[in-house]
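A quick write-up on the structure given underneath.
Derivation of every value follows stated rules applied to the coordinates shown; laboratory data play no part. Note that the structure is a prediction, hence the values are computed from the model and not measured. Here Cβ is always computed from backbone atoms with ideal geometry, including for glycine, and neighbour counts include all displayed protein chains.
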Amino acid sequence: MLKGLDPRLNADVLCALRAMGHGDTVVLSDTNFPSDRVARETVLGRLLRMENLTLPQAAQAVLSVLPLDTFVDDFAVRMEVVGDPGALPAPQIEAQAEIDRVEGRVRPMLAAERFAFYDLARSAYAVIQTGERRFYGCIILRKGVIPPAE
């Protein structure tokens, strides 16, 4: 156990988040996403897991250490619902609430069609599979920067 770190963040996840640079992305996926196959094509090349957490719980833990990119609109991307791209499933609404909480403002995620989301995921730094069983519990987060101390 370490002080000041969310205990839900395991060593593999922390190592990947630390290694990522400004602009790199990380996928938080649900249990139905082809996580292992997609993860093999990422920079890290292997799947990470936070299996005991829902998407919003994993997002909360990851966002406790990961700054979001403030220079781009695609700081966070959600997978669109097939046949209803404007729909917002509960896991995405709850993850959006975590983003808004850490950002201190409403900053909506962009949406990507299912197969476009898969393409974005393959170009990510890493994929973290959560234990989220609700459908469309998949988002991508883009790492920002930590400013120098004043």
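See the values below:
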| quantity | calculated |
| --- | --- |
| Among beta bridges that DSSP assigns inside the chain, antiparallel share in %, nearest 5 | 45 |
| Charge dipole magnitude, Cβ of K and R +1, D and E -1 - the stretch 11-142, Cα centre, debye nearest 20 | 260 |
| Other-chain or far-sequence residues with amide H under 5 Å of E113's (modelled H) | E80 |
| Tensor-based shape of the stretch 11-142 (alpha-carbon gyration tensor, a/c under 1.5 rounded, otherwise prolate or oblate) | rounded |
| Among L110, L17, I93 - extreme Cα towards positive end, dipole of the chain, charges at beta-carbon | L17 |
| Burial ordering of D24, D100, D30, fewest other beta-carbon atoms within 10 Å first | D100, D24, D30 |
| Fewest-first sequence of I93, I128, I140 by Cβ atoms within 10 Å of each Cβ | I93, I140, I128 |
| The stretch 13-60 shape via C-alpha gyration tensor axes, a/c threshold 1.5 | oblate |
| ³J(HN,Hα) computed for each position of the stretch 51-61 - Karplus, 6.51 cos²θ - 1.76 cosθ + 1.60, integer Hz, glycine/proline x | 5, 8, 10, 7, 4, x, 5, 5, 4, 4, 5 |
